[in-house]
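Asks: Handing you this structure, nothing more for now.
The values are calculated or read from the model by the stated rules, or taken from the named source; none is laboratory data. For clarity, every value in this text was computed on a predicted model and none was experimentally measured. The protein model used for the area step is the full one, side chains on, heavy atoms only, and it has no ligands, DNA or RNA in it. Shrake-Rupley method; radii C 1.70, N 1.55, O 1.52, S 1.80 Å.
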Amino acid sequence: MALLALPTVLLGLDVTVLYLVLPAMAADLGPSATQTLWIMDAYGFLLAGFLVTMGTLGDRLGRRRLLLIGVAAFAAVSVFAAFAPNPELLIAARALLGIAGATLMPSTLSLISNMFTDARQRAVAIGVWATMFAVGMAAGPILGGALVDRFWWGAAFLVAVPIAVVVLTLGRVLLPEYADPRAGRLDLSSVALSLAVILPIVYAVKRAAAERFDASVVIAVMVGLIAGVAFWRRQHRLADPLLDVTLFRNRAFSAALTVLLIGLVGVGGTMYLVTQYLQLVEGLTPFVAGLWMGPPALAMFAAGVGAPMLARRIRPGYVMGGTLGVSLIGYGLLATAGLHDELPVAAGFAFVYLGLGAIAALGTDIVVGAAPASKSGSAASLSETVQELGIAIGVAILGSLTTAIYRDNVTVPEALSASETAALADSLGATVAIADDLPAGALVDAQLAFATGVNIASLVAGLAIAAATVLCLRMLRHLPRLGHEQHEQETEAIG
């Protein structure tokens, strides 16, 4: 289990490690605002696009084998990213990291589902797995800030190398191999259709949120929807589909995926904004800002491990809904934070992370548990697809909302000295939202405008999480307590 946690931590690190590295990277490579967004988003979008393919490939090729291939590729591309000389090559490297990362998540999760057959043990194991991913996400800003302070921005990518060496050395010895002996060949037409579904939809969200709603957005959505219909129909016809779409007939399976998607949209966007707030509004160094992100990880750890244990006594739907309800306190704190509010912001994000821990552990267990062992890779890939897509969409939408509010609220004084303009650009100009066209204005006014954007974006995220809370309480309340499935089903049958 400890060995499986290492690739999971690595993936979490790569989601957030750039959050506090961005200013140094932007100063060195000089990307445009659009290029910076692609540097941030390419990893998550390509990872989401290839998860379904890689999860099914693991069922056929062997989950351990695919894991080891993916780890080796991830390390090699990380070295390339660390020394990328320009934004274009860094974007390409981040895209390749997403494809390599897509081999790791379903492989580790499906191996867990095969190694732990008892429902209680599997739930705790998945809780630890989800917690390790969140620990990686929480450690990303800390590690990234420390490395950029001590070395240079590219050092943040090199963390993958020692982790890959450990996994490659011990994986063949300690990890069992699992594959579906009855699986047919990989249907390449389905692979192409799956990408044609996800990538245009992702492009449409990014374009509409970050730039403007135009004809290209409509065309992209239409292409994605048409490809989705074609993909769905093809999977029904195939004897060995890329994705078993009959899983969606399970109400709990579909509801859990929806909750995971909404939850990660809120958390992904909020984490990005909080890291930017601490560095750009409060003026903290990358390392100190990263340290402020550390305590919330403890809340995530407690929820990720504790929620499966609590679900032995209380139905999982109530545990997930109740914890999400508590997390709304955090969104409320973030929605009311102003300047010099590091403590309320960190406390608010701790509540946000608390909700994530519960839904990541129990929601993932519901999704994986709904599939037979031979299809666990496919189910695991769906769980991770919606989570990665949620993070990427959250960064795009909430980040862009904050940008729009910032631009509408920042004031421009009639006269600024050259030194004042330079100081303002140095403080705020490297963030994704305002890298290209930061208006000349007082530093405090700009900071207040950015904080206002964070407030409103957090309010929007909180409303989405409130909807996810209701969904848990309504659609997942019928699920039995962990370890009591057979007993409660018999009781309900007698009743």
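Asks: Based on Cα positions only, what radius of gyration and what Dmax would you give for the stretch 15-87, in angstroms?
Replies: In order Rg, Dmax, the Cα atoms of the stretch 15-87 give 15.0, 45 Å.
Asks: Also: Suppose we take every Cα in the stretch 68-126 and form the convex hull; what volume per residue is that in Å³?
Replies: Working: hull volume 4.4 nm³, N = 59.
Output value, Cα hull per residue: 74 Å³.
Asks: Suppose we take every Cα in the stretch 91-157 and form the convex hull; what volume per residue is that in Å³? Write down the numbers at each step before the final one.
Replies: Working: hull volume 5.8 nm³, N = 67.
About 86 Å³ per residue, rounded to a whole number.
Asks: As a test of reading the structure, rank Glu177, Glu282, Glu384 by solvent-accessible area (1.4 Å probe, protein chains only), most first. Provide the component values of the computation, followed by the final result.
Replies: Values: Glu177 75, Glu282 25, Glu384 0 Å².
If we order Glu177, Glu282, Glu384 from most to least accessible, we get Glu177, Glu282, Glu384.
Asks: Under the √(5λ) rule applied to the eigenvalues of the Cα gyration tensor, what semi-axes describe the equivalent ellipsoid of the stretch 254-327? Give them in Å, descending. Don't jump to the answer; show the numbers that get you there.
Replies: Working: eigenvalues 174, 46, 13 Å².
Each semi-axis is √(5λ); the values are 29, 15, 8 Å.
Asks: Across the stretch 22-134, what fraction of all alpha-carbon pairs, as a whole percent, falls in each successive 10 Å bin from zero upward?
Replies: 14, 36, 29, 15, 5, 0
Asks: Got a sec? What order do Trp38, Trp129 fall in by accessible area at 1.4 Å, biggest, i.e. largest, first?
Replies: Descending order: Trp38, Trp129.
Asks: Another one. Name the shape class, rounded, prolate or oblate, that the alpha-carbon gyration tensor gives for the stretch 203-344, where a ≥ b ≥ c are the square roots of its eigenvalues, rounded holds for a/c under 1.5, and otherwise prolate holds if a/b is larger than b/c and oblate otherwise. All intermediate terms of the calculation are to be shown ahead of the outcome.
Replies: On the way: a/c = 2.82, a/b = 1.35, b/c = 2.08.
Oblate, because a/c is 1.5 or more while a/b does not exceed b/c.
Asks: With no solvent and one equal point scatterer per Cα, compute the Debye intensity ratio I(q)/I(0) for the stretch 47-88 at 0.15, 0.16 Å⁻¹ and report its log10, rounded to two decimals.
Replies: Listed by q, the Debye log ratios stand at -0.48, -0.53.
Asks: Could you go through the stretch 261-268 in sequence order and give the Karplus-derived ³J(HN,Hα) for each residue, using 6.51 cos²θ - 1.76 cosθ + 1.60 with θ = phi - 60°, rounded to whole Hz, and x for Gly and Pro?
Replies: 4, 5, x, 6, 4, x, 6, x
Asks: Amide H of Trp152 versus every other amide H placed in the peptide plane: which residues, excluding those fewer than 5 positions away on the same chain, fall under 5 Å?
Replies: Long-range HN contacts for Trp152: none found.
Asks: Leaving out ligands, DNA and RNA, what percent of the accessible area of the stretch 57-191 is carbon and sulfur, probe 1.4 Å? Let's see the in-between values first.
Replies: Details: 3450 of 5150 Å².
On the stretch 57-191, the fraction of accessible area on carbon and sulfur atoms equals 67 percent.
Asks: For Thr336, list long-range residues whose amide hydrogen, built 1.01 Å from N in the peptide plane, is under 5 Å from its own amide hydrogen.
Replies: Here nothing satisfies the definition.
Asks: List the pair-distance distribution P(r) of the stretch 253-293, using every Cα-Cα distance, as the percent of pairs falling in each 10 Å bin from 0 up to the bin containing the longest distance, rounded to whole percents.
Replies: Percent of Cα pairs in each bin: 29, 34, 21, 14, 2.
Asks: If you don't mind, another one. When the Kirkwood radius is taken over all Cα pairs of the stretch 291-411, what Stokes-Einstein diffusion coefficient follows at 25 °C and 0.890 mPa s, in µm²/s? Please report the intermediate quantities before stating the final value.
Replies: Details: Rh = 16.1 Å.
Translational D for this selection: 152 µm²/s.
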